[in-house]
Amino acid sequence: MSEEIIVRRTALRIPYSWAAGAHATRFYREIADRRRIMGTRCPRCERVLVPARKSCSRCFQDTTEWVEVGPAGVVTSFTIVHYSEPRIQPMEPPFAVALIRLDGADTALIHLLGEVEPSEVRTGMRVEPVFADEPKGRILDIRYFKPVSVD
Ligand SMILES: [Zn+2]
């Protein structure tokens, strides 16, 4: 007897909380309260790390100085998302996710691009943040980055 096995598809929902830590907390608060994007400088290699980090991933030194960066920057890499997962995606596909090196930063921040057709996105494109009207202390307090207008 060959009977077809029933296969059911479901999704696990696993809510959890975690402490962001002092550096991430300040990073998010600066965005929410002052619309400033901050990095931290490594005292050894002098790179400015964005998002702000407690320690340098290259030197393993604790960072000691906070530095305001951007708000504009350059797309260094990107991908276009076509897959739809409305429960977790903040935008309707297709949309672009980019690595953005903000002015004054040495590392790139990953974020969404908006107000641009995905087919128009290029590396080297200058972009600036669009902040949320009602910040909640999270990375989406920057709704997305949009191309810098040139007028
Ligand atoms: Zn370093």
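Of all the listed residues (Thr10, Thr40, Thr25), the sole one being surrounded by 15 or more Cβ atoms within 10 Å (Cβ to Cβ) and polar (S, T, N, Q) is Thr40. Annotation note: of Gly137, Gly70, the sole residue that is on the phi > 0 side of the Ramachandran plot and surrounded by fewer than 16 Cβ atoms within 10 Å (Cβ to Cβ) is Gly137. If the condition is being basic (Lys, Arg) and either more than 15 Å from the ligand (Cβ to nearest atom) or within 18 Å of the chain's Cα centre (by Cα) (or both), then segment 45-64 contributes Arg53, Lys54.
Going by the conditions given, is Ala98 within 14 Å of the chain's Cα centre (by Cα) and touching a residue at least 12 places away in the same chain (Cβ under 8 Å)? Against the criterion (within 14 Å of the chain's Cα centre (by Cα) and touching a residue at least 12 places away in the same chain (Cβ under 8 Å)), Ala98 qualifies.
Results for (1) assigned to a loop (DSSP other than H, G, I, E, B); (2) modelled with pLDDT under 95; (3) more than 16 Å from the ligand (Cβ to nearest atom); (4) not aromatic (Phe, Trp, Tyr), shown as yes or no for each residue.
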position	(1), (2), (3), (4)
Ser2	yes, yes, yes, yes
Val7	yes, yes, yes, yes
Met38	no, no, yes, yes
Pro43	yes, no, no, yes
Trp66	no, no, no, no
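What's the number of the condition Cys59 fails, among (1) surrounded by 15 or more Cβ atoms within 10 Å (Cβ to Cβ); (2) over 30 Å from Ile14 (Cβ atoms); (3) among the hydrophobic types (A, V, I, L, M, F, W, C)? Just one mismatch for Cys59, condition (1).
Of the residues making up segment 111-118, none is assigned to a loop (DSSP other than H, G, I, E, B), in contact (Cβ under 8 Å) with a residue 60 or more places away in the chain, in contact with a Lys or Arg (Cβ under 6 Å, 6 or more places away or on another chain) and more than 22 Å from Thr25 (Cβ to Cβ). When Pro15, Pro71, Pro90 are screened for being part of a loop (DSSP other than H, G, I, E, B), of a type outside the set (Gly, Ala, Ser), more than 27 Å from Ser119 (Cα to Cα) and away from the ligand (no atom under 14 Å from the Cβ), only Pro15 passes. Taking (1) without any contact (Cβ under 8 Å) to a residue 40 or more places away in the chain; (2) within 17 Å of Ile139 (Cα to Cα) in turn, Asp62 satisfies each apart from (2).
The values are calculated or read from the model by the stated rules, or taken from the named source; none is laboratory data. Because the structure is a prediction, the values reported are computed rather than measured. Don't worry about glycine lacking a Cβ; one is built from the backbone with ideal geometry, like all the others, and counts go over all protein chains shown.
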